[in-house]
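Student: Sending over a structure as structure tokens; questions will come in a sec.
The values are calculated or read from the model by the stated rules, or taken from the named source; none is laboratory data. From a predicted model like this one, the values you see are computed outputs, not experimental measurements. Every residue, glycine as well, gets a Cβ built from its backbone with ideal geometry; the counts of neighbours run over all protein chains shown. SASA here: full protein model, heavy atoms, side chains in, ligands and nucleic acids out. Shrake-Rupley method; radii C 1.70, N 1.55, O 1.52, S 1.80 Å.
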There are 2 protein chains.
Amino acid sequence: MSTTSRLVEVRQNVMKHNDVLARALRRRFEAENIYVVSIVSSPGSGKTAFLERTLTMLRDRYCVAALVGDLATENDSTRLARSQVPVKQITTGTICHLDAQMVESALAGWQPSKLDYLFVENVGNLVCPSSYDLGENLRLVLMSVTEGEDKPLKYPTIFNTADVAIITKMDLTAAAEFDLELACANIQAVRPGMPILHVSAKRGDGFEEWLDFVQARRERFCAATVE
Amino acid sequence: MSTTSRLVEVRQNVMKHNDVLARALRRRFEAENIYVVSIVSSPGSGKTAFLERTLTMLRDRYCVAALVGDLATENDSTRLARSQVPVKQITTGTICHLDAQMVESALAGWQPSKLDYLFVENVGNLVCPSSYDLGENLRLVLMSVTEGEDKPLKYPTIFNTADVAIITKMDLTAAAEFDLELACANIQAVRPGMPILHVSAKRGDGFEEWLDFVQARRERFCAATVE
């Protein structure tokens, strides 16, 4: 067997192991009525700014917390601490994605009680996180207007494994000469029917729509777990 | 042995295999006097725009060509074809980086003769490409002003395995409220002494300095290979 096919085989076993752990996490979140939202994007697409505003807007009405993944530094958890909700950093070293084991370990001995929402910010990477189920209920893929309209076509897997696309940094639309219609058409070409929202975390545009969306999804989740 | 440690072991063998191939490529490029420049960055940092302007400015004085890696689509090679130099696409499928084998296969039966420069644009990913030597002489890491000043601290490995940092989209500096001094300090904190250039591929700012830089490096390379 060649080195490459051995790598494929071992990687498949790792995936299988991850899926088992992720399923257990999902059952646990359902039992505890916690709605879990994960966020993936390129480095610098604005995940942390998006999350900071989301946490700040939700915290008065709900119990919310966040896990935040990064190769190095605790910059993001320091930024998110400003939202005054419990935040825990997962430092991955050289690993290019979060996996279910990292989420489980981070929750051990930390998980704030009676959470309504748990947000999980992945490492900035538009490729590798697509393969790892984290037990989340909703996966968001963010892309900023400065990255170009073609990203869904060039990174189709991450759009195919996410549930919602969120276009960020809408305040830079004119400066970046971004064509929103073309970007939406590209997302729909890869993933027909995918919900698309657009926001500016700097100005707050689009956040009411986003919060309405996620709250409706959580209500549906809670109704299903009660049944 | 656990699944994870087996994965680490098999991955080390893949790396070793890549290093052997990359060394052979480097010897071949030296023998043929081809200066090879690779480019890594996040998706949407402007690799293709940077490369298109570079190829267009070099083509009258030198024989230049480019290999361009992507998960899916031939968008980048179509864009680069406008520079009227030979361009070949490497489509990686779900693989998050180029490796030496892909470069070797792409060159087989294609390599334009008597090249002075070969540019290799990697898949957009600020993590995984750092581990794969492609036999290049110079590796550029690009980051755009819209990604935030902290990227070198958060993705140190890619800055440590590159030779030059290029800050792109300088035309968006004011709109993105980008602090150039802070970004340069963060690069130097991770990699003291790293050369830093800043450009706008849209307006052309900084390209004379970049071309002076790469031509000086190539002259040094040619002088060394003649000795």
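Student: Would you mind getting the accessible area per residue of chain B, heavy atoms of the protein chains only, 1.4 Å probe, in Å²? Don't skip to the end; give the middle numbers.
Tutor: Numbers: 9140 Å² over 227 residues.
For chain B, the solvent-accessible area averages 40 Å² per residue.
Student: Assign unit charges at the C-beta atoms only (+1 for Lys and Arg, -1 for Asp and Glu), then state the dipole size of chain A relative to its Cα centre in Debye, rounded to the nearest 20.
Tutor: Details: 25 positive and 29 negative charges, 110 e Å.
Using only the charged Cβ atoms, the result is roughly 520 debye.
Student: For the peptides A:9-19, B:43-53, A:192-202, what is the packing order when you average, over each peptide's residues, the other Cβ atoms within 10 Å and list the highest mean first?
Tutor: Answer by packing, highest mean first, reads B:43-53, A:192-202, A:9-19.
Student: Select from B:Ser105, B:Cys128, B:Val199 the residue farthest towards the positive end of the dipole of chain B; place +1 on Cβ of Lys and Arg, -1 on Cβ of Asp and Glu, and compute about the Cα centre.
Tutor: About the Cα centre, the residue reaching furthest to the positive side is B:Ser105.
Student: To continue, here is another question. How high is the relative contact order of the stretch A:26-179? Use alpha-carbon pairs under 8 Å, at least six apart in sequence, and give a whole percent.
Tutor: Relative CO of the stretch A:26-179 lands at 31 percent.
Student: Still on this structure: In cubic angstrom, how much convex hull volume per residue do the alpha carbon atoms of chain A span? Show your work: numbers first, answer last.
Tutor: Numbers: hull volume 31.5 nm³, N = 227.
Output value, Cα hull per residue: 139 Å³.
Student: Can you pull out the buried accessible area for chains B and A, both sides counted, probe 1.4 Å, rounded to the nearest 100 Å²? Before the final figure, lay out the partial values.
Tutor: Values: alone 10800 and 10810 Å², together 18280 Å².
Answer for the B-A pair: about 3300 Å² buried.
Student: Using a simple spin-label model with points 7 Å from Cα along the Cα→Cβ vector, what separation in nm is obtained for A:Asp19 and A:Glu209?
Tutor: 3.5
Student: Find how many whole Å separate the alpha carbon centroid of the stretch A:176-191 from the alpha carbon centroid of the stretch B:1-53.
Tutor: With the stretch B:1-53 and the stretch A:176-191 each reduced to a Cα centre, they are spaced 31 Å.
Student: Sort out for me the Cα centre separation of the stretch A:82-127 from the stretch B:125-147, rounded to whole Å.
Tutor: Rounded to whole Å, the Cα centres lie 26 Å apart.
Student: Oh, and also: What does the structure give for A:44-51 when I average, per residue, the other chain Cβ atoms found within 10 Å of the residue Cβ?
Tutor: 4
Student: Can you quote the Å³ per residue value for the convex hull of the Cα atoms in the stretch A:38-151, rounded to an integer?
Tutor: On the way: hull volume 12.3 nm³, N = 114.
It comes to 108 Å³ per residue, whole-number rounded.
Student: Mind ordering B:175-185, A:134-144 by average Cβ neighbours within 10 Å, highest first?
Tutor: A:134-144, B:175-185
Student: Any chance you could check the stretch B:154-178 for residues losing 10 Å² or more of accessible area when the partner protein chains are in, compared with the chain on its own (1.4 Å probe)?
Tutor: Listed in order, they are B:Lys154, B:Tyr155, B:Pro156, B:Thr157, B:Lys169, B:Leu172, B:Ala175, B:Ala176, B:Glu177.
Student: At a 1.4 Å probe radius, carbon and sulfur cover how many percent of the accessible area of the stretch A:99-192?
Tutor: Answer for the stretch A:99-192: carbon and sulfur cover 50 percent of the accessible area.
Student: Beyond a 22 Å Cα-Cα separation, which of these cross-linked pairs lie in this structure: A:Lys114/A:Lys202; B:Lys88/B:Lys154; A:Lys47/B:Lys88; B:Lys16/B:Lys151; A:Lys88/A:Lys114; A:Lys151/B:Lys47?
Tutor: Cα-Cα > 22 Å for A:Lys114/A:Lys202; B:Lys88/B:Lys154; A:Lys47/B:Lys88; B:Lys16/B:Lys151; rest within.
Student: Here is a follow-up. Binning every alpha carbon pair distance of the protein assembly as shown at 20 Å from zero, what are the percents per bin?
Tutor: Cα pair-distance distribution for the protein assembly as shown, in percent: 24, 56, 18, 1.
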